[in-house]
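Below: one structure, written as structure tokens.
The values are calculated or read from the model by the stated rules, or taken from the named source; none is laboratory data. Treat the numbers as computed from the prediction; the structure is a model and nothing was measured. Using ideal geometry, Cβ is built from the backbone for each residue, glycine included, and neighbour counts are taken over all protein chains shown. Accessible surface areas use protein heavy atoms only, side chains included; no ligands, DNA or RNA. Shrake-Rupley method; radii C 1.70, N 1.55, O 1.52, S 1.80 Å.
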Amino acid sequence: MSPLLEKSQTLRKYLDLPQHGKVIAEYVWIDAAGNMRSKARTLNKKINSVSELPEWNFDGSSTGQAPGGNSDVYLKPVAFYPDPFRRGDNIIVLTECWNNDGTPNKFNHRYECNKLMNAHADEEVWFGLEQEYTLLDPVDNYIYGWPKGGFPAPQGPYYCGVGAAKVYARDVIEAHYRACLYAGITISGINAEVMPSQWEFQVGPCEGIKMGDELWMARFLLERVSEEFGVKVTFHPKPLSGDWNGAGCHTNVSTKSMRVPGGMKQINEAIEKLSKRHKEHIELYGKDNEQRLTGRHETASMETFSAGVANRGASIRIPRSVQAEGYGYFEDRRPASNIDPYLVTGIMVETICGAVPDADMYQEFKRESA
């Protein structure tokens with residue numbers, strides 16, 4: 001029996017023990033570096049709505065979110081999901097981070113994003129995010145499954161590949177897929193990507209703020225599943241230099257008016273608006289994205305804005321089926337795999353639907369960076 005299987009069977013006998021009406025709630029938040037943190041607490045009853053969940057706090061000085069002399073940061077629940085690891089009535093709680101003076105923590109991008117989503121709720125903006133990521137060996141941080149000190153055969157047979165030496169760690173990917181479905185995440189598919197040990201899952205379509213919420217939760221589930229299998233996940237947009245594909249988070253977008261016959265007009269108008277804010281979007285589209293957006297490996301150059309039908313080398317791709325039907329959606333191919341989805345969906349709505357007086361995703365990001 002493998003050590004991993006033996007460990008899993010040992011743990012199972014404890015997970016099957018009764019909880020006598022108690023519920024374990026795992027509180028999840030995003031730290032200053034864009035990583036996920038979590039801790040658990042015991043509740044006395046099954047939770048049926050977010051309003052029943054208590055606020056909590058943590059030491060922000062240990063996560064880069066507060067100074068040591070005033071370190072308490074508060075966790076305000078915004079959504080909860082069935083826990084696929086503990087199961088039963090246990091839940092995972094997604095939270096926003098707030099300061100003790102009643103203001104949102106400067107790394108809390110959800111707050112500003114939600115303002116924009118609420119202001120433009122009548123537009124019914126749908127998003128679908130394609131999250132690419134790469135698996136690493138946790139010991140040496142080398143690409144998982146690759147020959148130590150060497151490389152596999154060149155790219156070609158790996159994208160949507162099947163079979164040994166074409167795909168790696170499919171057990172991790174399958175476990176994550178089921179965990180997302182159990183938790184109620186709107187996961188719409190998975191596939192192996194162009195570089196071996198690089199994978200993708202898609203979340204959506206989701207409307208408004210739900211898109212950012214569900215992508216963060218899907219990432220949390222991926223990290224937890226990978227932890228159990230002893231594999232490391234990286235969302236870096238270019239985990240390996242050279243002639244290998246980078247990792248993105250392609251962002252598919254449509255408004256209500258784009259999804260009806262004649263919607264191509266609104267799609268073209270949105271693309272024109274995006275072309276005028278290219279630099280601002282790029283700044284919010286992920287750290288180290290310049291390593292990926294080179295104009296090679298199915299990317300456009302980050303220096304210029306472009307759009308095209310069925311063109312995976314453009315900033316914005318219009319699917320050929322959308323052009324043929326005259327309505328649908330467009331795909332922004334610029335965002336990196338390590339984006340904060342609240343920043344990306346927020347500035348997208350701000351650009352194509354219009355700014356609102358008390359919300360500005362770009363300026364909020366600049367304040368954080370200062």
> How large is ³J(HN,Hα) for each residue in the range 110-127, as worked out from phi by the Karplus curve 6.51 cos²θ - 1.76 cosθ + 1.60 (θ = phi - 60°), to whole Hz, x for Gly and Pro?
Replying inline: 5, 4, 5, 4, 5, 4, 5, 5, 5, 5, 10, 4, 5, 6, 6, 6, 9, 10
>> Report the Cα centroid-to-centroid distance between the range 1-73 and the range 180-254 in angstrom, as an integer.
In response: 21 Å
>> I need the calculated FRET efficiency for the pair Asp288 and Glu228, taking r as the beta carbon distance and R₀ as 25 Å, to the nearest 0.05.
In response: 0.35
> Which value, in Å² and to the nearest 10, is the accessible area of Leu17 when all protein chains are kept and the probe is 1.4 Å?
Replying inline: 100 Å²
> Accessible area, 1.4 Å probe, largest first: how do Asp16, Asp140 sort?
Replying inline: Asp16, Asp140
> Using a simple spin-label model with points 7 Å from Cα along the Cα→Cβ vector, what separation in nm is obtained for Lys256 and Ser8?
Replying inline: 4.6 nm
> Can you list the lysines whose alpha carbon sits under 18 Å from that of Lys265, skipping same-chain ones fewer than 8 residues off?
Replying inline: Lys256, Lys273, Lys276
>> Could you tell me which residue out of Trp126, Gln363, Gly230 lies farthest along the dipole of the chain toward its positive end? Charges go on the beta carbon: Lys and Arg +1, Asp and Glu -1, centred on the Cα centre.
In response: Gly230
> Of the heavy-atom accessible surface of the chain (probe 1.4 angstrom), what whole percent is carbon and sulfur?
Replying inline: 50 percent
> Averaged per residue, what accessible surface does the chain expose to a 1.4 Å probe, in Å²?
Replying inline: 45 Å²
> Can you give the accessible area of Glu325 in Å² (nearest 10), computed on protein heavy atoms with a 1.4 Å probe?
Replying inline: 120 Å²
>> Check which residues have an amide H placed less than 5 Å from Ser197's amide H, if you skip close sequence neighbours.
In response: Tyr168
> Nearest-5 percent of antiparallel DSSP beta bridges in the chain?
Replying inline: 90 percent
